[in-house]
Amino acid sequence: MKIGNRKSSIWLVAVICVLWFLRSPMAGASQTPPYLNKLSSTDALLVVDHDGQVIFEKNKEKKYVPASTLKILTALAAIHHLGLSYRFQTEFYMDPKRNLKIKGYGDPLFISEVLEGIADSLSKMVPNFNNLILDDTYFSEGISIPGRKHSTNPYDAPVGALCVNFNTVFFDRDQRGRIISAESSTPVIPYVREKIKSLRLKKGRYTFTHDRNETARYAGEMLLHFLKEKGMESKGKIEFGTIRHEDRRIYTYRSSFTLEEILKRMMEFSNNFVANQIFIAVGAKVFGPPGTLAKGVRAVSEFAERQLQLKGVEIAEGSGISRKNHISPLHMLAILKEFEPYRYLLKKKGNMRYKTGGLRGVKTRAGYIERNPEQLQYFVIFLNGSKLNIKKLMRCIN
């Protein structure tokens, strides 16, 4: 097919859809625009106006893999249990042997710029210390997220109570092939350099380890780098331990980012690591530490059942990376209605705000059509195994 003909075909589909909706938004199945007739028994589409009237529906009660649209439910549960103004914290202690201790609580935006600021604050309080002791026990050991692979893909980054830079490293290479940082705020410390070399990675952003001790150590090594830059002297090494009653808390870092800001970034970049950090933190908040996957599942599932009155929602984790997550278009509709006051957190394109999702063979999209302040519509598209073009479907419903 020539490019010109392909464009004409796409425009023809769009024109037919627009004319159909202008003629009769509530038209019956017999007046369905041609492309929507291609929806199969494995596809789902639900479009509902603000008053609850169904404009179009196909398989609205059937459960599907929601992929990353599940992040809307995770965000909603976090807002309910933590609040938009919530800030993650990280605590620093000095023990009787002058060891500096750091206790993490799952901050998903514990990034290089943050560590540099923390190092600056600590340097004004403590001139020197012996060992740097890491306490990452707020999350339990062995948390395995269903659907996450042990790859170097950033989407597969492991979770933890004490993690830095999304448990990833972003680097480039100079003209001589030497490893250099791709971010001005993040130095390539020796610990990271050796990891990159051992994995023989090309330039880019990678998850370089799935070992819990190594991810926490990465945070410790990065902090130690900035502490030394600020003139603090350390005579010891990095170790693992826990906070004890005799330890003296010397500083508490409250995140520079509110939960509201974190959720907006999570939606913008569809960050699986951030979503599951929040998911497990919610579980720890509701049921007490240590945070576990099971507690996160229970907290979000009970929120869906008790607050949203949803039955049969199947939650395996919080990001949508798992194919064990199953919800129906009607479930997602209820989630969207509850999330309506927070829809500004979603991506905006034209008169739409929505969240996309995708796994192999799975294409999803859910959100809002903002025709005007009094004509808000909700839409849910779940394509599991379909070859339909989701953009063409979007043209039909807008």
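Bear in mind these aren't lab numbers, they're just calculated from the coordinates by the rules spelled out. Quick caveat: nothing in here was measured; it's all calculated off a predicted structure. A quick note on method: Cβ atoms are made from the backbone with ideal geometry, for glycine too, and the neighbour counts reach across all protein chains shown.
List every residue whose amide H lies under 5 Å from the amide H of Met352, counting only residues 5 or more places away in sequence or on a different chain, with H placed 1.01 Å from N in the peptide plane.
Excluding prolines and chain starts, which carry no amide H, the hits are Glu370.
Let a ≥ b ≥ c be the square roots of the eigenvalues of the Cα gyration tensor of the stretch 74-210; is it rounded (a/c under 1.5), or, if not, prolate (a/b larger than b/c) or oblate?
oblate
Which residue, Leu36, Leu259, Leu336, tops the fluctuation ranking in a GNM of the chain built on C-alpha contacts under 10 Å?
For the chain, modelled as a Gaussian network with Cα springs under 10 Å, the answer is Leu36.
Could you sort out which of Lys149/Lys264; Lys203/Lys363; Lys347/Lys391; Lys63/Lys311; Lys97/Lys235 sit more than 20 Å apart by Cα distance in this structure?
The answer is Lys149/Lys264; Lys203/Lys363.
By the gyration tensor of its Cα atoms, with a ≥ b ≥ c the square roots of the eigenvalues, what is the shape of the stretch 116-182: rounded for a/c under 1.5, prolate for a/b over b/c, or oblate?
Because a/c hits 1.5 or more and a/b fails to exceed b/c, the stretch 116-182 counts as oblate.
Could you tell me what percent of the DSSP beta bridges with both partners in the stretch 89-257 are antiparallel, to the nearest 5?
65
Which loop-located trypsin sites (Lys or Arg not before Pro) does the stretch 308-351 contain, where loop means any DSSP state but H, G, I, E or B and the Cβ has at most 13 other Cβ atoms within 10 Å?
Those satisfying the criteria are Lys311, Lys324.
Can you list the HN-Hα couplings for the stretch 82-92, worked out from phi with the Karplus curve (6.51, -1.76, 1.60; θ = phi - 60°), rounded to whole Hz and with x for Gly and Pro?
Along the stretch 82-92, the couplings run 10, x, 4, 8, 4, 10, 5, 10, 9, 10, 10 Hz.
Taking every DSSP beta bridge with both residues inside the chain, roughly what % is antiparallel (nearest 5)?
85
Which entry is the computed mean projected area of the Cα convex hull in nm² for this structure: (1) 23.0; (2) 17.6; (3) 21.2?
(1)
At 20 angstrom or more along the helix axis (alpha-carbon based) and mean Kyte-Doolittle of -1.0 or higher, what helices does the chain contain? Whole DSSP H runs only.
Result, helices passing both filters: 3-23, 212-229, 272-287.
Please list the non-local residues whose amide H lies under 5 Å from the amide H of Tyr64, H modeled 1.01 Å from N, same-chain partners needing a gap of 5 or more.
Ile327, Ser328
When only DSSP loop residues count, what trypsin sites (Lys or Arg not before Pro) in the stretch 136-219 have their Cβ near at most 12 other Cβ atoms within 10 Å?
In loop regions of the stretch 136-219 (DSSP not H, G, I, E or B), the sparsely surrounded trypsin sites (Lys or Arg not before Pro) are Lys149, Arg176, Arg178, Arg200, Lys202.
Cα gyration tensor of the stretch 151-215, axes a ≥ b ≥ c as square roots of the eigenvalues: rounded (a/c below 1.5), prolate (a/b > b/c) or oblate?
Prolate.
Can you pull out the GluC sites (Glu not before Pro) in the stretch 205-308 whose DSSP state is coil and whose Cβ has at most 13 other Cβ atoms within 10 Å?
Of the GluC sites (Glu not before Pro), the ones in loops of the stretch 205-308 whose Cβ has at most 13 other Cβ atoms within 10 Å are Glu246.
Once amide H atoms are built 1.01 Å from N in the peptide plane, which residues 5 or more positions from Gly291, or in another chain, come under 5 Å H to H?
Phe139, Ser140
Of the candidates Gln309, Gln175, Gln277, which one comes out as most mobile in a Gaussian network treatment of the chain with C-alpha springs shorter than 10 Å?
Checking each option, the largest mean-square fluctuation is seen for Gln175.
Taking θ as phi - 60°, what are the ³J(HN,Hα) couplings along the stretch 172-178 by the Karplus curve (6.51, -1.76, 1.60), each to the nearest whole Hz, with x for Gly and Pro?
Computed from phi, the couplings for the stretch 172-178 are 10, 10, 7, 4, 9, x, 7 Hz.
Which distance in Å, rounded to a whole number, links the C-alpha centroids of the stretch 340-398 and the stretch 242-306?
The distance from the Cα centre of the stretch 340-398 to that of the stretch 242-306 comes to 27 Å.
Spelling out what I want: for every residue of the stretch 367-379, take phi, set θ = phi - 60°, compute 6.51 cos²θ - 1.76 cosθ + 1.60 (Karplus), and round to whole Hz; glycine and proline get x.
x, 9, 10, 9, 5, 6, x, 9, 10, 7, 10, 10, 9
Name the most mobile residue of Val126, Val300, Val380, meaning the one with the largest mean-square fluctuation, in a Gaussian network model of the chain with Cα contacts below 10 Å.
Among Val126, Val300, Val380, the largest GNM mean-square fluctuation belongs to Val126.
Provide Ile145, Ile381 in ascending order of the number of other Cβ atoms located within 10 Å of each residue's Cβ, fewest first.
In increasing order of surrounding Cβ atoms, one gets Ile145, Ile381.
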